[in-house]
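The values are calculated or read from the model by the stated rules, or taken from the named source; none is laboratory data. Please read all numbers here as calculations on a predicted model, not as lab measurements. Using ideal geometry, Cβ is built from the backbone for each residue, glycine included, and neighbour counts are taken over all protein chains shown. All accessible areas refer to the heavy atoms of the entire protein, side chains included, with ligands and DNA or RNA removed. Shrake-Rupley method; radii C 1.70, N 1.55, O 1.52, S 1.80 Å.
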Amino acid sequence: MFRVSFLFIILGFTCVSCKSEDKNKVVDGQETIEALLEARYSKFLNYKVDSTAFARSYNPKTATITKVPSSNWTSGFFAGNFWQIYMLTGKEDFKNSAEEWTAYIEKEKYNDRTHDMGFKVFCSFGNGLKIKDNQNYKDIIVKSAKTLSTRFDDTVGSIRSWDFNEDIWQFPVIIDNMMNLELLFEATKISGDSTFHKIAVKHANTTLKNHFREDASTWHVLDYDTISGQVRGRVTHQGISDESAWARGQGWAINGFTTVYRYTKDAKYLNQAIATANFFINHKNMPEDGIPYWDFDHPDIPNISRDVSAAAIVASALIELYQYTKNEDFLNYSKKVCESLKSRKYILPEDIDIPFILDHSFGDWSLKKEMDEPIVYGDYYFLQTLLRLKALQK
């Protein structure tokens, strides 16, 4: 009798063990997904540090990584991804690599040919400052703010975005430029020089006044007259049409104005972030999983690509916006996006040895490039979302 009972006990434990093992093998079981994420993180360490080869995107058709120098607007995201993975895992190898990649971006503090100083410098050196109090990093941020400030025009009241298409535009300002204001605000905090803060506020005010439609969506590009400072035109460069709601552009607006509210506590910025967030998450063309089509007004929906990067940019912003508003809809959207992205539908398989995490971001329609591919900024804002959710749970 004892032997029979003992046999049943052993069999019982074996069955429990099998069930546990099976659970770990479930395709979208949490433990499996976390292991998959860890595997994806490790791919970053396999990628050789090279000052001219910041990983920007991956073309699955040609199996090639698009590699760019530090002058490219996406370089800071790649360095920033190492910092953020370190913050998530605590593994020193990521911190060491983050320091190496970040160091190669320093020379961009002199680059006055672009408005993308925040993306390049603050996503790299700014994340580094979260880890350690580094005076050199602070000096680089302040110098970068000085360089960015040279692109500000007081008549227009904005920072000039691009220098190309001079035969078409006099003074183009894109909604993406809102994301570079954080660098200016932080430079004032570091240096005590209020000039940077004032420029950031003026740029935000001009954007608030001119960049939004009645439904709270945003145009992509505004062109200003350099003599009068008046708007010459409202167009798109990456959306499907001038009057469409380009998904990532809406994300830049929501994230940018939420950030400006953080530094100013001026309700008008908060109200704009709320209005555009509601436009975004409640749009009639928003898919069930919260990952938008790359343009909300594309005539071929649903037969077009999604944009993981737009979802992640908004999800990250809405965690912060939730903290200011206590609007559960905002937090629920962020959680839904996180749940959707933490699946094999969006996370790249373990066997693809590239320094990216997520598939299905959408790049530049105007150039017909990076359409439905892994792109570095999709990963960046996904990691930022994970970190913000983690902080919220403390």
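Quick notes
- In the context of the full set of protein chains, region 277-394 has a per residue accessible area of 40 Å² (1.4 Å probe).
- Solvent-accessible ranking of LYS336, LYS189, LYS394, LYS67, largest area first, probe 1.4 Å: LYS394, LYS189, LYS67, LYS336
- Where N is the number of residues in the chain, Cα Rg divided by 2.2 N^0.38 Å: 1.05
- Value of Rg to Rh for region 94-144, rounded to two decimals, is 0.94; Kirkwood radius and Rg both from alpha-carbon coordinates.
- Label-to-label distance, nm, for residues given as LYS326 and THR150 (7 Å Cα→Cβ offset): 4.8 nm
- If you bin all the Cα-Cα distances of region 229-338 at 5 Å, starting from zero, the percentages per bin are 2, 13, 23, 23, 18, 12, 7, 2, 0.
- Dividing the C-alpha radius of gyration of region 77-168 by 2.2 N^0.38 Å, with N its residue count, gives 1.24.
- About its Cα centre, the dipole of region 186-306 is roughly 560 debye, where the only charges are +1 on Lys and Arg Cβ and -1 on Asp and Glu Cβ.
- Carbon-plus-sulfur accessible fraction, region 66-117 (probe radius 1.4 Å, protein heavy atoms only): 43%.
- Distant-in-sequence amide contacts of THR66, defined by a placed amide H-H separation under 5 Å and a gap of 5 or more residues or a different chain, comprise ARG56, SER57, TYR58, ASN59.
- Orientation-averaged projected area, Cα convex hull of region 109-254 (nm²): 8.8 nm²
- Modelled spin labels at ASN285 and SER366, positioned 7 Å past Cα toward Cβ, are 2.0 nm from each other.
- Directionally averaged shadow of region 175-255, computed from the convex hull of its alpha-carbon atoms, nm²: 5.8 nm²
- Positive-end residue, the chain charge dipole about Cα centroid, Cβ charges, pick of ILE141, ILE240, SER191: SER191
- Separation of alpha-carbon centers, region 166-231 and region 121-146, rounded to whole Å: 22 Å
- Computed from the Cβ-Cβ distance with R0 of 51 Å, the FRET efficiency linking LYS394 to ILE301 stands at 0.85.
- Relative to the current alpha-carbon distance between ASN59 and ALA39, full extension at 0.36 nm per residue lengthens the span by 5.2 nm.
- Mean projected area in nm² (Cα convex hull; one quarter of hull surface) for region 273-331: 3.9 nm²
- Compared with the rule-of-thumb size 2.2 N^0.38 Å for a compact globular protein, region 45-124 has a Cα radius of gyration ratio of 1.09.
- Summary of packing: across the peptides 344-355, 72-83, 301-312, 262-273, the per-residue average of other C-beta atoms within 10 Å ranks them, highest first, as 72-83, 301-312, 262-273, 344-355.
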